[in-house]
Amino acid sequence: MASIAAARYGKDNVRVYKVERDEKTGVQTVTEMTVTVLLEGAIDVSYTKADNSVVVATDSIKNTVYIKAKENPVTPPELFASILGTHFIETYPHITTANVKVVTHRWTRMTIDGKPHPHSFYRDGNETRNVEAKITKGKGIDIRSGIVGLLVLKSTGSQFHGFVRDSYTTLPEVWDRILSTDVDCGWSWKRFAGMNAVRAAIPKFDNAWIDARTITMKTFAEENSPSVQNTMYKMCGSILEAVPEVENVDYSLPNKHYFEIDLSWHEGLKNTGKNAEVYAPQSGPNGLIQLTVARSQKSSKL
Ligand SMILES: O=c1[nH]c(=O)c2[nH]c(=O)[nH]c2[nH]1
């Protein structure tokens, strides 16, 4: 006999834009998000017995996203994701978990003639601020916040040597190389008991995002990196130190390679080693280095 091992359903790619108008100053602030809501609970019969009486239509889930965005603040995204998820577990007795993902896109205010423009914005990169919240009846709210798509490059200040050399190795050791990656970073908060605990933490969410972004870029820029592995480990440690409410930090970093091009065949042009100036950016294959660092548990031994 087959039985359901796991089931969830909902709406993906719900695109929402919200404007906030300050009537006194005329300044408007905008937020654009892509939202996913996936529900779990006593829904097995919808799959096994075609019993739709347990199904909150995904169309209604989409409508709920719009209505909750109208009724509530949509920032910080950790708050909005928690409000939205809590609505589903409190409204429908048979829904036990709501998985909510909020991807916030960048709309950065324009500066015109040296002044912030009241209602014009531009997209300064594909970086997004991502929040995944799991809201579970009787348990609380688990939140992972993150940065995705922050593309960075340094033209020196990175090395890679001392790695395994055997009959499979062709890569030369280097003491100076280009380092580039597309940052995917996350930080998971200690479980919140419920909405009151999330509301009490509101200012911490933006501060943690600023800290994680600053630490990522400052470490990347300032450190003479011995490897992606070691650099990301340092970033994790600094974020754990900066945000005490965070339980663990994770990174997933592609190593976006830039290859030297030997041009000596053309009139003896010197373009390797110290003379390298023109490189070939690679789209793949690329290294992919991942890490999760948890806060050390205090030793139980005295
Ligand atoms: O920082 C690096 N880590 C690796 O594991 C690796 N492997 C590789 O070929 N280049 C690099 N660079």
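The values are calculated or read from the model by the stated rules, or taken from the named source; none is laboratory data. Just so you know, these numbers come straight off a predicted model, no measurement behind them. Glycine also receives a Cβ, built like all others from the backbone with ideal geometry; neighbour counts cover every protein chain displayed. These area figures cover heavy atoms from the full protein model, side chains too; ligands, DNA and RNA do not enter into them. Shrake-Rupley method; radii C 1.70, N 1.55, O 1.52, S 1.80 Å.
Details
- Residue 112 fulfils the conditions (1) more than 16 Å from the chain's Cα centre (by Cα); (2) crowded, with 18+ Cβ neighbours inside 10 Å except for a single criterion, (2).
- Subset of segment 218-233 that is under 19 Å from the mean Cα position of the chain (by Cα) and open to solvent by 90 Å² or more (accessible area, probe 1.4 Å) - its residue that is farthest from the ligand (Cβ to nearest atom): 218
- Total residues in segment 84-109, condition in contact with a helix residue (DSSP H, G or I) (Cβ under 6 Å, 6 or more places away or on another chain) and under 20 Å from residue 19 (Cβ atoms): 3
- Search result, residues across segment 153-173 that are surrounded by fewer than 16 Cβ atoms within 10 Å (Cβ to Cβ) and either at positive phi or not hydroxyl-bearing (Ser, Thr, Tyr) (or both): 153, 157, 161, 162, 163, 164, 165, 166, 171, 172, 173
- Scanning segment 158-168 for residues that are in a loop (DSSP other than H, G, I, E, B), near the ligand (Cβ under 9 Å from one of its atoms) and among the hydroxyl-bearing types (Ser, Thr, Tyr) yields a total of 0.
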